[in-house]
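A.B. asks: Can you keep this structure in mind? I'll have questions shortly.
Since every read-out is calculated from the coordinates, none of them should be taken as a lab result. Because the structure is predicted, anything quoted here is derived from the model rather than measured. Counting neighbours? That spans all protein chains shown, and the Cβs are built from the backbone with ideal geometry, glycine included.
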Amino acid sequence: MTERKEKWFETWFDTSYYHILYQNRDFVEAERFITNLLAFLKLPAGSNCLDLACGKGRHSVFLNKHGLKVTGVDLSENSINEAKPFENETLTFDVHDMRTVYKKNEYDTVFNLFTSFGYFDDYEDNLKVLNSVNEMLVAGGQLVIDFMNADFVLDHLVKEEEKTMDGIKFHITRNYDGSHIFKNIHFTDKGKEFNFQEKVQAIKKEEFEDLLEKAGFEVQHVFGDFSLAQFDRSKSDRLIIIAEKK
């Protein structure tokens, strides 16, 4: 029997080095985005929400502080273990693969934030995710996807850079093969060399709209940044879609 090879996101996200490299992400900007988003959505207090691919749960915690009942799920067991101490009566975390249904007809809103989509080799897995989300939402429930604007990212792709974090020098290269954007991460720590790779599908606005329609959603709004400005293909750095279950 052939042993299954782990996917890049199953290994890289579960390492301490992932969190070291990205420790300086602008969480103030991220929280400002969520505040703007919730002001726009006007969700009733106590709305039941799912944070799909929640990582270490920072944004789930922030959503919960805004009066929402939140479940955060992620494939990385290590990330969920770090999120668990934040649990309370209206905030829980669990390990889960986004391609399958977690709880059916349960959630008013599903959030998929900060480019936590398109990690798979097979494009059809994207539809599996969206079909699962549809089943998890109540009738008329909403899905919020915050993804990179692939057109903008490809136009401004940084081919090579170095970052030193916690004394570790990360050498990073990027390339595009026509479907996926690759980020190759090489570094040495404690005399040992490490190589990891991130691989994300460069899904564009029209492809998202097609996928969402196939999965039984109707797109309601499209924004281009964390301030919820109008989407501009050549200038926006984000692609933020709010879609409703038909």
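A.B. asks: Given axes a ≥ b ≥ c from the Cα gyration tensor, I'd like to know whether segment 1-146 is rounded (a/c under 1.5), prolate (a/b larger than b/c) or oblate.
C.D. replies: On the way: a/c = 1.70, a/b = 1.23, b/c = 1.38.
Judged from the Cα gyration tensor, segment 1-146 comes out oblate (a/c at least 1.5, b/c at or above a/b).
A.B. asks: Right, something else. When the Cα centres of segment 49-97 and segment 114-182 are compared, how far apart do they sit, in Å?
C.D. replies: Computed from Cα coordinates, the inter-centre distance equals 20 Å.
A.B. asks: For residue 180, which sequence-distant residues (separation of 5 or more, or a different chain) have an amide H within less than 5 Å of its own amide H, given hydrogens modelled in the peptide plane?
C.D. replies: Counting only residues 5 or more places away or on other chains, the set is 202.
A.B. asks: Quick one: what are the phi-derived ³J(HN,Hα) couplings along segment 86-103, Karplus 6.51/-1.76/1.60 with θ = phi - 60°, whole Hz, x for glycine and proline?
C.D. replies: Each residue's phi maps through the Karplus curve to give 7, 4, 8, 5, 10, 9, 9, 10, 7, 7, 7, 8, 5, 7, 10, 6, 8, 9 Hz.
A.B. asks: Right, another one. List the pairs from 163/183; 104/205; 42/65; 103/204 whose alpha-carbon separation is above 25 Å, in the order I gave them. Before the final figure, lay out the partial values.
C.D. replies: Values: 163/183 13 Å; 104/205 27 Å; 42/65 15 Å; 103/204 29 Å.
Where the Cα-Cα span goes over 25 Å, the pairs concerned are 104/205; 103/204.
A.B. asks: Here is a follow-up. List the relative contact order of the chain as a percent without decimals, with contacts defined as Cα pairs under 8 Å and 6+ residues apart. Working shown, then result.
C.D. replies: Details: 462 pairs, mean separation 43.3, N = 246.
It rounds to 18 percent for the chain.
A.B. asks: Then there is this: Just the number: Rg to Rh for the chain, Cα atoms, Kirkwood Rh, two decimals. Please report the intermediate quantities before stating the final value.
C.D. replies: Working: Rg = 17.9 Å, Rh = 18.8 Å.
The Rg/Rh ratio comes out at 0.95.
A.B. asks: Then there is this: State the Kirkwood hydrodynamic radius of segment 86-222 in Å, one decimal place, computed from all pairs of distinct Cα atoms.
C.D. replies: Working: mean 1/r = 0.0578 Å⁻¹.
Taking every pair of different Cα atoms in segment 86-222, averaging 1/r and inverting gives 17.3 Å.
A.B. asks: Can you list residues from other chains, or at least 5 along the same chain, whose modelled amide H is less than 5 Å from the amide H of residue 68?
C.D. replies: Hits under the 5 Å cutoff: 46.
A.B. asks: Computed over the Cα atoms, what is the radius of gyration of segment 127-176 divided by 2.2 N^0.38 Å, N being its residue count?
C.D. replies: On the way: Rg = 18.1 Å, N = 50, 2.2 N^0.38 = 9.7 Å.
Rg over 2.2 N^0.38 Å, computed on Cα atoms: 1.86.
A.B. asks: Right, another one. Give, as a single signed number, the net charge of other residues whose beta carbon lies under 13 Å from the beta carbon of residue 69, with Lys and Arg counted +1 and Asp and Glu -1.
C.D. replies: Details: positive: 65, 103; negative: 51, 87, 89, 106, 108.
Once all neighbours under 13 Å are counted, the net charge is -3.
A.B. asks: Let me ask something else. Between beta-carbons, use under 15 Å as the cut-off and find the net charge around residue 155, counting Lys and Arg +1, Asp and Glu -1. Could you put the intermediate results ahead of the total?
C.D. replies: Values: positive: 159, 174, 204, 205, 233, 235, 238; negative: 151, 232, 237.
Result for the local shell: +4.
A.B. asks: Can you give the FRET efficiency for residue 218 and residue 193, using 1/(1 + (r/R0)^6), R0 = 41 Å, r = Cβ-Cβ distance, to the nearest 0.05? Walk me through the numbers before you get to the answer.
C.D. replies: Values: r = 49 Å, r/R0 = 1.19.
The value I calculate is 0.25.
A.B. asks: Okay, moving on. What FRET efficiency comes out for residue 35 versus residue 175 if R0 is 41 angstrom and r is the Cβ-Cβ distance? Round to the nearest 0.05.
C.D. replies: Numbers: r = 35 Å, r/R0 = 0.86.
That gives a FRET efficiency of 0.70.
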